[in-house]
Amino acid sequence: MKPAGLCAIAALCGLAALGWARHFYWFTGSKSYCIATVGTLTVMMTAALILGLSSATSAAQSTAGQAAAGHDPSAFFGISARLVCVSPLDEAKTAVQPGPLPTGHPVLAFDITGDETWLWDPQRAKGTANPAEKALRVRTDQIATRPDERGTHTCPPL
């Protein structure tokens, strides 16, 4: 189930519980009703935050696993990526942050943002648990990309 649906269900259940409590006069004063309302809203917002972050974390781990296995990952809320082979147009002038540019194996290329392309290298820093350390940023006009050859884990030179 999508995080927005879970948040809507949590909100409706919380509001329903408040309605039942008020209907049966479990709250006799306005102070206790205010405390219950604020408490319920706090619990609902915390649950929504936890559900949203856990969904994003599991999607990132799933994407990393699919990329490491050599498959194109599935899209997640409009963020799509594909495995490509990257070649610099001019090696001396290609600026990669943090470099170097991996040219021997396929990397994930995300949608172009402005004049930059974001790449994710599944073979970079294999010992790290943080997937963000494998991200690369390069100017789009300094590289050429082509789809990787399925079944191979290497990129032939151009």
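The values are calculated or read from the model by the stated rules, or taken from the named source; none is laboratory data. Just so it is clear, the model here is predicted, and its values are computed rather than measured. Cβ atoms come from the backbone with ideal geometry, glycine included; neighbour counts cover every protein chain shown.
Worth a mention:
- Test result for Thr103, part of a loop (DSSP other than H, G, I, E, B), in contact with a helix residue (DSSP H, G or I) (Cβ under 6 Å, 6 or more places away or on another chain) and either on the phi > 0 side of the Ramachandran plot or not charged (D, E, K, R) (or both): no
- Subset of the range 106-155 that is of a type in the set (Val, Ile, Thr), more than 20 Å from the chain's Cα centre (by Cα) and in a strand (DSSP E or B) - its residue that is modelled with the highest pLDDT: Ile143
- Among the conditions (1) surrounded by 11 or more Cβ atoms within 10 Å (Cβ to Cβ); (2) at pLDDT 75 or above; (3) of a type in the set (A, V, I, L, M, F, W, C), Trp20 misses just one, which is (1).
- Output for the range 85-100, where each listed residue is surrounded by 13 or more Cβ atoms within 10 Å (Cβ to Cβ) and either modelled with pLDDT of 85 or more or assigned to a loop (DSSP other than H, G, I, E, B) (or both): Cys85, Val86, Ser87, Pro88, Thr94
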